[in-house]
Amino acid sequence: MASKGKPSPRSAVKPLSDEQVAKLAQHHHLVDPTHDFPCGPRKANTAEIEAQNPKATHRLLTGCDIVFRNRTKLKAWGIEHVPETGPFITAATHVTMFDVFVPMISIFHQGRRPRYMAKAEMASWPLIGKWFQLVGMQPVQRRAGKAKAIEETSVEILTSGRPLTVWPEGTVTRDPQKWPMSMKNGVGVIALEASRRLGYQIPLYCAVTWGAASINHWWPWPRKNVVMCYDEALDYADLLADCDSWGEEVPEDLANELTRRIRVRMTEVMAEIRGEQAPDGYWDYRTMSRVKD
């Protein structure tokens, strides 16, 4: 089933200017994430790499690198936060289908191989769907009453020691100006339950990408600026304080609160990248209108 509503067109937002990228460079160390270890030497997780179809993953990564170098001026900061070992969660913005690959290639080039919670329809896409399956896509059957099973699979990925990437909005944002919209609380459930089972707070990072929304994919030249921030780990230790008394399920109010913190932080970071003031409230996908926070 297709998602309701329709994303706003490219004309809804201005391209990310060279001047704004220069301002970001004054405060952050911007690197090209299409190369191995762009922030400096580190140890790749070779066991994880070998366990996830290394040949297919390398081909996909090489292809993505070529596309991004030819169609964008891609920069990133914060990817040194990607852990060398152990489970972690990446919660990524979903402005366009193009920019979902930015955190993917950045994490790959840092020597890690996360699993991906992605809509099941992607598995049937020509060429790219097959690649996504090979490199760790976990298909999500949307609106099929399988939320609990999806959450449990995600928790098991993390408790097995593997990283996980999710797009909490569930689909491309419907905000008319392409800010992060309302999010499903599954990301909160997954992070809290996996942390409870492991006995420690699993690192959770917001990956915020901006710039691809203005790319004309039929004629993408001149190349547009695209910038990603891989933020510092989000602290949610307070939400785990009474985890021993939860019972069988994560309390909904705690899952909602963690999801809210993710959305708020994504909006703050996106405002910095864009050099703009975010609007009051957020776009609610259920009502297709802006609501107060």
Worksheet item: Residues with amide H under 5 Å of Thr165's amide H, sequence separation 5 or more or different chain, H placed in the peptide plane at 1.01 Å from N; which?
Response: Thr90, Arg115, Tyr116, Met117
Fill in: Karplus 3J(HN,Hα) series, Hz, for region 184-193 with 6.51 cos²θ - 1.76 cosθ + 1.60 (x for Gly, Pro)
6, 7, x, 4, x, 4, 4, 5, 6, 5
Worksheet item: Do you know the relative contact order of the chain, to the nearest whole percent, from alpha carbon pairs under 8 angstrom that are 6+ apart?
Response: 25
Fill in: Under the Karplus curve 6.51 cos²θ - 1.76 cosθ + 1.60, θ = phi - 60°, whole-Hz ³J(HN,Hα) for region 273-278, x wherever Gly or Pro sits
4, 6, x, 10, 8, 5
Worksheet entry | Cβ-based net charge around Ile49, under 9 Å, with every Lys or Arg adding one and every Asp or Glu removing one | 0
Worksheet item: So which GluC sites (Glu not before Pro) in region 37-121 end up in coil per DSSP with only 15 or fewer other C-beta atoms within 10 Å?
Response: Glu84
Discussion item. Report, in listed order, any pair from Lys4/Lys292; Lys23/Lys178; Lys6/Lys292; Lys75/Lys178; Lys43/Lys184 with a Cα-Cα distance greater than 26 Å.
Written reply: Lys43/Lys184
Worksheet entry | Loop chymotrypsin sites (Phe, Trp or Tyr not before Pro), region 170-278 (other Cβ atoms within 10 Å of the site Cβ: 16 or fewer; DSSP) | Tyr200, Trp218, Trp246
Worksheet entry | GNM result for the chain, Cα springs below 10 Å: residue of Pro279, Pro87, Pro163 fluctuating most strongly | Pro279
Discussion item. Using each residue's phi in region 153-166, evaluate 6.51 cos²θ - 1.76 cosθ + 1.60 at θ = phi - 60° and report the 3J(HN,Hα) Karplus result to the nearest Hz, with x for Gly and Pro.
Written reply: 4, 5, 4, 5, 4, 5, 6, 7, x, 9, x, 9, 10, 10
Worksheet, complete the sentence: Along the dipole axis of the chain (charges at Cβ: +1 for Lys and Arg, -1 for Asp and Glu; origin at the Cα centre), the most positive-end residue among Ile66, Trp221, Pro114 is Trp221
Response to the item:
Here the equivalent ellipsoid of the chain, derived from its Cα gyration tensor, has semi-axes (largest first, whole Å) of 27, 23, 19
Worksheet item: Which longest run of the chain has no exposed loop site in it, a site being trypsin sites (Lys or Arg not before Pro) in a DSSP loop with at most 11 other beta carbons within 10 Å, and the site itself not part of the run?
Response: 144-285
Fill in: Net dipole in debye of region 205-293 [+1 Lys, Arg Cβ; -1 Asp, Glu Cβ; about Cα centre; nearest 20]
940
Worksheet item: According to the Cα gyration tensor, what semi-axes, each the square root of 5 times an eigenvalue, does the equivalent ellipsoid of region 7-67 have, listed from largest to smallest in whole Å?
Response: 31, 20, 9
Fill in: Separation in nanometres of the label points that stand 7 Å from Cα toward Cβ, at Ile49 and Asp238
4.0
Worksheet item: Restricting the count to DSSP beta bridges whose residues both fall in the chain, what percent are antiparallel, rounded to a multiple of 5?
Response: 30
Worksheet item: Which one of Thr173, Thr90, Thr153 has the biggest mean-square fluctuation once the chain is modelled by GNM with Cα springs under 10 Å?
Response: Thr153
Fill in: Residue (of Pro279, Asn256, Val100) at the positive-pole extreme of the chain, dipole from beta-carbon charges
Val100
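Suppose every K and R has +1 on its Cβ and every D and E has -1 on its Cβ; what is the size of the dipole of the chain about the Cα centre, in Debye to the nearest 20?
Magnitude of the dipole: close to 1440 debye.
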Discussion item. Is there a quick way to get the dipole size of region 46-95? I mean about its Cα centre, with the Cβ of Lys and Arg at +1 and of Asp and Glu at -1; what is the value in debye to the nearest 20?
Written reply: 420
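Where a number appears in this text, it was derived from the coordinates with a stated rule and is not lab data. Keep in mind the model is a prediction, meaning the values are calculated, not measured. We place every Cβ from the backbone using ideal geometry, glycine too, and count neighbours over all the protein chains shown.
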